[in-house]
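Visitor: Before I ask anything, here is the structure I am working with.
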Amino acid sequence: MRPDTSRTLQGIAINLLTNVIAEVKTPFGQQTVGIAASLAMWIAEETERGADRLVVENGVTREILADGLALAGSARAAVEAAAATPAAPNFRISSLQSENDSLRRGLIALHAAVESDPSADAQSMNERIWAELIESTRRRQFQARIG
């Protein structure tokens, strides 16, 4: 048997909401059960999508760093160091997140550099970075809504 983490957590959440919450007598207890169910649903969703989200984001961030290197100015060393971050050795969330953290440090340095550069190329890169930050936030939004 291979447990499916996402489905198991969804099942726990549904059980909490359909069976357990009715047995809890206090509003505080019911709220606590509701929060636990919400957390289980969110963890289930992130378990399912987390690796894919990070692989996509790491790839996009690498492209931005490579394309923005010429605009990095005094942040060039930080951007180069981030761009040279080795790819995660596996698809474990912890490995992918470590890669993401390193790439994001370079993205922050590049973003600071292009924000202070009035050239058209820098402003275009600034817009591209902002667009990716918005998209990155969308990738993290939870679809599961309870309550």
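Visitor: Mind listing the phi-derived Karplus ³J(HN,Hα) values for region 114-119, rounded to whole Hz, using 6.51, -1.76 and 1.60 with θ = phi - 60°, and x for any glycine or proline?
Guide: 6, 5, 9, 9, x, 5
Visitor: How about region 56-147: which chymotrypsin sites (Phe, Trp or Tyr not before Pro) there lie in a loop by DSSP and see at most 14 other Cβ atoms within 10 Å?
Guide: Here the chymotrypsin sites (Phe, Trp or Tyr not before Pro) that fit, given the DSSP loop and packing criteria, are F91, F142.
Visitor: Over region 5-140, what lengths in whole Å, largest first, do the semi-axes of the equivalent ellipsoid take, defined as the square roots of 5 times the eigenvalues of the alpha-carbon gyration tensor?
Guide: Each semi-axis is √(5λ); the values are 42, 17, 11 Å.
Visitor: Answer with one residue from T137, A122, G59: the one whose Cα lies farthest towards the positive end of the charge dipole of region 5-140, charges on Cβ with Lys, Arg +1 and Asp, Glu -1.
Guide: Of T137, A122, G59, it is T137.
Visitor: Continuing with this model, one more query. If you count, for each residue, the other Cβ atoms within 10 Å and average over each peptide, how do 104-114, 79-89 line up from highest to lowest?
Guide: Ranking, from highest mean packing down: 104-114, 79-89.
Visitor: Moving on to the next point. Applying 1/(1 + (r/R0)^6) with R0 = 25 Å to the Cβ-Cβ distance of S94 and A131, what FRET efficiency is obtained, to the nearest 0.05?
Guide: 0.35
Visitor: Next question. With a cut-off of 19 Å, note down the residues of region 75-96 whose backbone N falls inside the zone around a label point 7 Å from the Cα of R49 toward its beta carbon.
Guide: Answer for this model: 92-94, 96.
Visitor: Can I ask one more? Once you charge only the Cβ atoms, +1 for Lys and Arg and -1 for Asp and Glu, what is the size of the charge dipole of region 5-140 about its Cα centre, to the nearest 20 debye?
Guide: 500
Visitor: May I ask which residue of A75, S102, I12 lies farthest towards the positive end of the charge dipole of region 5-140, with charges of +1 (Lys, Arg) and -1 (Asp, Glu) on Cβ and the Cα centre as origin?
Guide: I12
Read-outs throughout are calculated quantities, based only on the coordinates presented, and are distinct from any laboratory measurement. Source: prediction; values computed, not measured. Note: ideal-geometry Cβ built from the backbone for every residue, glycine included; neighbour counts use all protein chains shown.
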